[in-house]
Amino acid sequence: MDRSDYLKSIVGLGAAAAFMLGSPRFIAAQGSSGPAGTAYPDLVAVKNGKQEAMFDLAIAAAGGMARFVKKGSVVVVKPNIGWDVKPELAATTNPALVKRIVEHCFQAGAKKVYVFDNSCDAWKASYKNSQIEAFAREAGAEMAPAYAQSYYQKVTVPRATVLTAMSVHELILKADVFINVPVLKNHGGAGMTCALKNLMGIVWDRGFWHGNGLDRCIAEGALFRKPDLNIVDADRVMLSGGPRGSSASRYGEQKMLLLSADIVAIDSACAKVMGKEPSAFKYIEMASDAKLGIQNLESLNVKRITL
Amino acid sequence: MKFTGTRALRLVLPLMAAIFLFAFCVAIALPAAVFPEAVPFTALFTSIQLFPAMEKAVLSGILSAGIIALALTALTLAFGRFYCSLLCPLGTCQDGAAALFKHRRRRFQAGRGPVRVLAFVLCVGGMVFGMPMVATLLEPYTVFARGFSRSFGDLALVACNALESLGLPLPVFSLDFDASVLIAAVFPFIAILFASMLRSRFFCGTLCPAGTILGALNVLALVRVRLDAGACTSCGVCERVCRTGCIDAKKKHLDPWGCVQCLDCIVVCPHGALRYGTVRRGAARVCSRSSLKTGRLEFLKTSAAALAAAAGVASLRFLPERAGMEPRSRSASARAMAVPPGAMSVERYAARCTACATCVRACPPGVLRLSLLEFGITRPLVPWLDYGRAFCQYECTACGEVCPSGAILKLEKPVKKLTAIGKSELVLAKCIVVEKKTACGACAEHCPSGAVRMVRDSGYDLPIPKLVISTCIGCGACETICPSKPEKAIVVSGISVHEIADKPATYDDEIPELSDEFPF
């Protein structure tokens, strides 16, 4: 072919490459964690501060929210709004943390930020009494309903063995950026509830996970769409009676916040925060085997900040 | 024309009645599942209903209800039976129904004394003896709330769902469709409206128990509609507009028991013979021999009716089915049905509930639903908690807040959280962990009182559920969420007398020492 055609094809390929590299979804899907040795850490852990301040430090250490949220994107933030309880019970994510995350998203240029969860208790009371609704709205986010089946769409999950089909919330399909914000607690059935388990709130039929192999379903829950960023509220950690907790529950004041794009690594780290080994939780092993992330923290670039 | 004050009232009253009706409809028909903010608003409307307030005061001893009942009585004694034309939603609906047939010539509705008393004694007597079925059919707030919300209310929600599915940003409502319950729930409302089309406000002057009380007070009222026989020419114009058919133009007589102070007659009278005011000294009264005879006959008929009704109600005490009042279950597993916290006991609750269904609408998780005859034939449509659909929310007291009759008393939240309305039963063999050998724990996950928790047992590889029954409050969360199919491994049965449960017990979980440093 002649020179002009050659140049055109080079330009075309270059544009395609630039588009793919620039598209946030592609960046998010690029491997389960950043390759070790890059400028940014794979996992950031901060201790002994207020949640909002710890998040500011953690996200800065990870390269800033702009690394995850591009200008003009639609962001969906999925905290734990499972229960109609006050924030002090730490059964739901700290509302101030959710607000700070939303603020960072807008600062990074997000066009729209949604916050939702498929609550276990009555949804309106959960959204309100956890105070996540009030705080998120202060930062300009929109609280999205998730209480009816019409908000969910059926999708197939090709790589799954048990969770082969899911009814997933429309925002998970629609949003450019997916931020997962669990609160760390013990769990009667699964042992621990953290980043992987928090994804149970994006599907309509939670009962399917419980009835068809809880560990396997928790592990495969991230196969359809991995969160682009995980932030764990490990400030006041429920140690017994979780995940809802009762007045007899005991807590550990760990005053921690963890941040990672690797959902398996962050759960491994949180297992240790709870005083256990990651291998004690079957679903962490299964998720690691399914190539959703790296379980072995030794091989990762971990940044620790103590205030 | 004279009486401009009355004319002004006559214009303002229907408008106020319409506004009040609209607010009422919104308050009682909006499901709290989507609008829990409406609950205090609903409670406001239910608190001012005369018959339920009297029931709450007399049968349950609630002072606030007594004050409201006395206030309504006092206002009626002062200003007449205006409640019926201004505040009663069923009354305003009947006016609407009658207006559809405006061309029908209205006339005096005669001979209602005996029927009035019969209906009233049956209603009140039934309530006193724990058989609310007559009130379920005739009490105006009950009939309106249940009938409206399950007919027009539900239709509006269906329309809303349809529009939402077409893409409009509207909420989604979950609806409960049970044909037999729906028909039974709506029938009295529709029948009363239909009757009003044939004979305007037939119900108000004949069957309404609140109307009978208010009517009796109206007779004694200081300020009410009065007909001056001296100025009356029996032209009959008033009789044709009278909403309750309480004016006999030929006899120049207005029956104060039936008059709802709508003031329509005053405005149309060409001779100024009608007025809304106090008794005037020296006003001419019709008192002929024939009317005395009619009066005596009416009195005899009325007394006979009263005695017959009283005897009938008293005899119902001895119905065999009154013994052993355990409500039969709706489900195949024959479990006892649970009733809301605040009911105190199934017997007390079923004896007072007239099935207005306000609690059903005000229940945010939507666990309450109407029964049919499971609580006995004398207690139709009484609501129960269906744990197959949803569970009672730990932090919620909505049903007690809105119940107008005191069937569900309002409990303080800390008390409500310890009130056991049922107890769970666990069948380990049906549990997912035992059957499928995979982890579950959904029941323990949801239990707000720590009554079911997951424990390590040497017989099983994975944690299994264990019950600490003394702390169980029977909220049904475990049953609702249990994923076992076809039968749940854990189910909740209602208990006949509610009791106070123990506070949640500490968990036996081994909690490892957590380090102060980063553990990784």
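The values are calculated or read from the model by the stated rules, or taken from the named source; none is laboratory data. Quick caveat: nothing in here was measured; it's all calculated off a predicted structure. Methodologically, a virtual Cβ is constructed for each residue, glycine included, from the backbone with ideal geometry; neighbour enumeration extends over all protein chains shown.
Points worth noting:
- Of the residues making up segment A:120-167, those that are hydrophobic (A, V, I, L, M, F, W, C) and under 21 Å from A:VAL183 (Cα atoms) number 13.
- Breaking point among (1) facing chain B (nearest Cβ under 10 Å); (2) farther than 20 Å from B:PHE173 by Cβ; (3) surrounded by 20 or more Cβ atoms within 10 Å (Cβ to Cβ), for A:LYS99: (1)
- Residue, nearest to the other protein chains (Cβ to nearest Cβ), within segment B:473-499, restricted to residues that are of a type in the set (Gly, Ala, Ser) and touching a strand residue (DSSP E or B) at 6+ places or on another chain (Cβ under 8 Å): B:ALA489
- Hits in segment B:368-392 - residues which are in contact with a helix residue (DSSP H, G or I) (Cβ under 7 Å, 6 or more places away or on another chain) and of a type in the set (D, E, K, R): B:ARG369, B:ARG379
- Residues considered: A:ASN186, A:ASN198, A:ASN180. Of these, the only one that is of a type in the set (S, T, N, Q), assigned to a strand (DSSP E or B) and closer than 30 Å to B:ASP508 by Cβ is A:ASN186.
- Cβ-Cβ distances below 8 Å connect the following pairs, each with a first residue in segment B:63-76 that is surrounded by 13 or more Cβ atoms within 10 Å (Cβ to Cβ), a second residue that is polar (S, T, N, Q), and a separation of six or more residues or different chains: B:ALA65/B:SER47; B:ILE68/B:SER47; B:THR76/B:ASN218.
- In segment A:73-96, residue surrounded by the most Cβ atoms within 10 Å (Cβ to Cβ) [restricted to those that are under 24 Å from B:PRO365 (Cβ atoms) and of a type in the set (A, V, I, L, M)]: A:ILE81
- Test result for B:ASP502, modelled with pLDDT of 95 or more and within 12 Å of another protein chain (Cβ to nearest Cβ): yes
- Some residue of segment A:222-229 being under 21 Å from A:ALA280 (Cα atoms) and away from every other protein chain (no Cβ under 13 Å): yes
- Check on A:ALA219, under 27 Å from B:LYS430 (Cα atoms), more than 9 Å from chain B (Cβ to nearest Cβ) and without any contact (Cβ under 8 Å) to a residue 12 or more places away in the chain: no
- Subset of segment B:143-179 (residues that are of a type in the set (Gly, Ala, Ser) and free of Cβ contacts under 8 Å to residues at least 60 places away in the same chain): B:GLY147, B:SER151, B:ALA159, B:ALA162, B:SER165, B:GLY167, B:ALA179
- Failed criterion for B:PRO512 (all others in (1) facing chain A (nearest Cβ under 10 Å); (2) in contact with a strand residue (DSSP E or B) (Cβ under 9 Å, 6 or more places away or on another chain) hold): (2)
- Any hit, segment B:374-385, residues being at pLDDT 95 or above, more than 15 Å from the chain's Cα centre (by Cα), buried (at least 24 other Cβ atoms within 10 Å of the Cβ) and more than 20 Å from B:GLU55 (Cβ to Cβ): yes
- Considering (1) within 14 Å of another protein chain (Cβ to nearest Cβ); (2) assigned to a loop (DSSP other than H, G, I, E, B), the lone condition that A:SER150 does not fulfil carries the number (2).
- Among the helices (runs of 4 or more DSSP H) confined to segment B:280-365, the ones with at least 2 residues that are at pLDDT below 75 and surrounded by fewer than 19 Cβ atoms within 10 Å (Cβ to Cβ) are located at B:289-316.
- Counting the residues of segment A:79-92 that are away from every other protein chain (no Cβ under 14 Å) and either touching a helix residue (DSSP H, G or I) at 6+ places or on another chain (Cβ under 6 Å) or part of a helix (DSSP H, G or I) (or both) gives 2.
- Among the residues of segment B:428-451, just one is hydroxyl-bearing (Ser, Thr, Tyr) and either more than 9 Å from chain A (Cβ to nearest Cβ) or more than 21 Å from A:GLY245 (Cα to Cα) (or both), namely B:THR438.
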